[in-house]
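Asks: Pasting a structure here, questions to come.
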Amino acid sequence: MRVAIVVVVACGALVGAQFNPHQWADRSGIVHLFEWKWDDIARECETFLAPRGYAGVQVSPPTENAIIGGSFRRPWWERYQPMSYRLITRSGNEAQFASMVRRCNDVGVRIYVDLVINHMADMVGEGGTAGSTAVRSDFSFPGVPYSRLDFNAPCLITNYQDPVEVRNCQLVNLPDLNQGVEWVRHRIVDLMNHLISLGVAGFRVDAVKHMWPQELELIYNGMHDLPTSHGFPAGSRPFLTQEVIDLGGEAVTREMYTHLGTITEFRHSAEIGRVFRGRNPFRHLTNWGTGWGFLPSHLALVFVDNHDNQRGHGGGGADVLTHKDFRSYKMATAFMLAHPFGIVRVMSSFSFTDTEQGPPQDAAGNLVSPTFNPDNSCGSGWVCEHRWRQIYNMIGFRNAVSGTGLNDWWDNGNYQMAFCRGGRGFIAFNLESFDLNQNLQTCLPAGIYCDVISGDLVNGACTGSSITVGGDGRAQIVLPANAYDGVLAIHANSRV
């Protein structure tokens, strides 16, 4: 087991620009299209995400992974068991990946790669998705290649109060790469630069708390600038968001990595779940953000749930809301998208009945593409929360209120609240057992506005409910206790 080394990096200033997600000015929101195929993502960028104002997609790991069969039936987590750094998975091959990135960039939707560089595969018996083989007992992964010299000595993490053990031992028996070895760092940098050359805007780096920050800094400083051929300004640095599960009480903290890039803010996921499960009244949300112990807004990638904690893994536990709690989940997502805090990410899931279950697949193990219903929802086993009207219209809300602050807060002291975003938007919530019926300041000019939660503005008329705003900016806001969604929202672009 090695100990931490201290490295002085002459080019350390390069990491300073790795907090910019490089999103188009009229866009917001990253959607995690978990386990989608590359060709399907490309079409989704062109036909749905760009027209509705989504700014980016987090894609599943594109590197070759172990094929996990037997009783596991190709589970979702096989994508997190790398066999090599070849870009061939069930989502498609390298040419399809490159085409997806190009097509999405062309319509203003950025691609962020889920990058697995902490470890290699533990279960290698059936080979990899690109045909690679490995000898796990010898720590031999010729597809990279890696040998025993490139891994830390075998040991399991048993004590999360020991930072050396957390960084140098095996996470659930996965062979732990030694990023202190130059060969390992160079292979990782080569992979990242290859992906950058294909036009990706940045990375979600998996299992960051299990790697030493000084070694990650060496790796990150080896990244090339983003290519101008994909529409990035000259000198643009890849965006980084780093998975650091930190709910407090452990030796490895998120603050140890904030100088390198943004952090996946798991405290946001846990706390927003507690609130919209009715375990913490809305009145406490007036200082949502750093007042709740979150990282500063520009450092925090925020989400209601992610692919791990919606299955009970990772941070948040029983507080985490998922698509299975659909009413509270839509309310929590609407609050996240209406609030100015953080860099927001929306989850897009597939249905599952057990936590090991893999994505929709045919008898041969090939991924099944989502089908689409007339109301934009998905079929064929895909949940597609990003296609729920209550969520994609809140992306439109967020874009409409961009650049404004939060003002004119109102709450009833418990589970009813409302607030404005500058003079551009208004939103109200009701999680009580009785109706919300209040005359409230909407901060909007007089007129009739379509509630974008219950419907759309189509050909000058509302397909859902409408709200009439008076000359003083006030409106009678009625949100019944039994309302299907528990939230209503209007904004400048929903005016009839």
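Asks: Scan around residue 462 for amide H atoms under 5 Å from its own, H built in the peptide plane at 1.01 Å from N, and keep only partners 5 or more places away or cross-chain.
Replies: Here nothing satisfies the definition.
Asks: Let me ask something else about it. Would you work out which of 331, 251, 266 lies farthest towards the positive end of the dipole of the chain? Charges go on Cβ: Lys and Arg +1, Asp and Glu -1.
Replies: 331
Asks: Oh, and also: Pulled fully out, how much extra length does the chain show between residue 229 and residue 126, if you take 0.36 nm times their separation in residues and subtract their Cα-Cα distance?
Replies: Gain on extension, residue 229 to residue 126, equals 33.2 nm.
Asks: Another one. Counting helices only, and only those DSSP H runs with n ≥ 4, report the 222 nm mean residue ellipticity of the chain as the sum of -39,500 (n - 2.57) divided by its residues, in deg cm²/dmol to the nearest 500.
Replies: Estimated from H runs of four or more residues: -5000 deg cm²/dmol.
Asks: Something else: Which order do the peptides 102-111, 290-299 come out in when sorted by mean C-beta neighbours inside 10 angstrom, highest first?
Replies: By packing density, highest mean first, the sequence is 102-111, 290-299.
Asks: Roughly what would the spin-label model give for residue 164 and residue 481, points 7 Å off Cα along C-beta, in nm?
Replies: 5.9
Asks: Of the listed peptides 36-42, 351-357, 171-177, what is their order by residue-averaged count of other C-beta atoms within 10 Å, with the highest listed first?
Replies: Result, highest mean first: 36-42, 171-177, 351-357.
Asks: Place the peptides 360-369, 236-245 in order of packing, highest mean first, counting for every residue the other Cβ atoms within 10 Å and averaging per peptide.
Replies: Descending packing order for the listed peptides: 236-245, 360-369.
Asks: Quick one: dipole size for the chain, taken about the Cα centre, charges +1 on Lys/Arg Cβ and -1 on Asp/Glu Cβ, in debye to the nearest 20.
Replies: Charge dipole of the chain: 680 debye, to the nearest 20.
Asks: Rounded to whole Hz and in sequence order, give me ³J(HN,Hα) for region 273-289 from the Karplus expression 6.51 cos²θ - 1.76 cosθ + 1.60, θ = phi - 60°, writing x for Gly and Pro.
Replies: Calculated HN-Hα couplings, in order: x, 4, 4, 8, 8, x, 10, 7, x, 4, 4, 7, 7, 4, 10, 3, x Hz.
Asks: Among 76, 410, what's the order by accessible area (1.4 angstrom probe), most exposed first?
Replies: My answer, sorted largest first, is 410, 76.
Asks: Project the alpha carbons of region 340-469 onto their principal axes and report the range along each, largest first, in whole Å.
Replies: That gives 58, 38, 33 Å along the principal axes, largest extent first.
Asks: Let me ask something additional. Can you pull the accessible area of residue 155 for me, 1.4 Å probe, Å² to the nearest 10?
Replies: Near enough 30 Å² of accessible area.
Asks: Can you give the Kirkwood hydrodynamic radius for region 297-388, in Å, rounded to one decimal and based on Cα pairs?
Replies: Kirkwood hydrodynamic radius for region 297-388: 14.5 Å.
Asks: Shifting gears a bit: Which angle from 0 to 90°, rounded to the nearest 10, does the C-alpha axis of helix 182-197 make with the longest principal axis of the chain?
Replies: It is inclined by approximately 40 degrees.
Asks: Under the rule of at least 5 residues apart or a separate chain, name every residue whose amide H is placed under 5 Å from the amide H of residue 74.
Replies: 68, 69
Asks: On to the next question. Through the Karplus equation 6.51 cos²θ - 1.76 cosθ + 1.60, θ set to phi - 60°, convert the phi angles of region 139-154 into ³J(HN,Hα) values in whole Hz; use x for Gly and Pro.
Replies: Once θ is set to phi - 60°, the couplings for region 139-154 become 6, 10, 10, x, x, 8, x, 10, 10, 3, 5, 9, 10, 6, 4, x Hz.
Asks: Quick query: amide H of residue 178 versus all other amide H atoms, modeled in the peptide plane; which residues come in under 5 Å with a sequence gap of 5 or more or a different chain?
Replies: Result for residue 178 returns 151, 152.
Asks: Which of the aspartates and glutamates could a cross-linker bridge to residue 209, judged by Cα under 14 Å and excluding same-chain residues fewer than eight apart?
Replies: 162, 165, 176, 217, 243, 246, 250, 255, 265
Asks: Which one of 75, 93, 32 is farthest out on the positive end of the charge dipole of region 32-94, using unit charges on Cβ (Lys, Arg +1; Asp, Glu -1) and the Cα centre as origin?
Replies: So the residue we want is 75.
Asks: To the nearest Å, what is the center-to-center distance of region 466-496 and region 137-164, using C-alpha atoms only?
Replies: 56
Asks: Apply the Debye scattering formula to region 19-90, with a single equal point scatterer on each alpha-carbon and no solvent, then give log10 I(q)/I(0) at q = 0.17 Å⁻¹.
Replies: -0.74
Asks: What is the gain in length, in nm to one decimal, between residue 197 and residue 318 on full extension, counting 0.36 nm per residue of separation less the C-alpha to C-alpha distance?
Replies: 39.5 nm
Asks: Over what distance in Å are the Cα centres of region 291-318 and region 403-428 separated?
Replies: 23
Asks: Can you give the net charge of the other residues whose Cβ lies under 12 Å from the Cβ of residue 260, counting K and R as +1 and D and E as -1?
Replies: Summing Lys and Arg as +1 and Asp and Glu as -1 gives -1.
Asks: Here's something else I'd like to know. Need one number: the % of Cα-Cα pairs in region 88-236 sitting beyond the 23 Å mark.
Replies: Percent of Cα pairs beyond 23 Å in region 88-236: 43.
Asks: I would also like to ask the following. Using a probe of 1.4 angstrom, how much of the accessible area of the chain is carbon and sulfur, in percent?
Replies: The value for the chain is 53 percent carbon and sulfur by accessible area.
Asks: Translational diffusion coefficient, Stokes-Einstein: compute it for the chain using the Kirkwood radius over C-alpha pairs as Rh, at 25 °C and 0.890 mPa s, and state it as an integer in µm² s⁻¹.
Replies: 105
Asks: Please turn the phi angles of region 420-429 into ³J(HN,Hα) values with the Karplus equation 6.51 cos²θ - 1.76 cosθ + 1.60 (θ = phi - 60°), one per residue in order, whole Hz, x for glycine and proline.
Replies: 9, 10, x, x, 10, x, 9, 9, 9, 9
The values are calculated or read from the model by the stated rules, or taken from the named source; none is laboratory data. Owing to the predicted nature of the structure, the values given are computational and were not obtained by experimental measurement. When we count neighbours, we look across all protein chains shown, and the Cβ atoms used for this are built from the backbone with ideal geometry, even at glycine. Accessible surface is based on the protein model in full, side chains and every heavy atom, while ligands, DNA and RNA are left aside. Shrake-Rupley method; radii C 1.70, N 1.55, O 1.52, S 1.80 Å.
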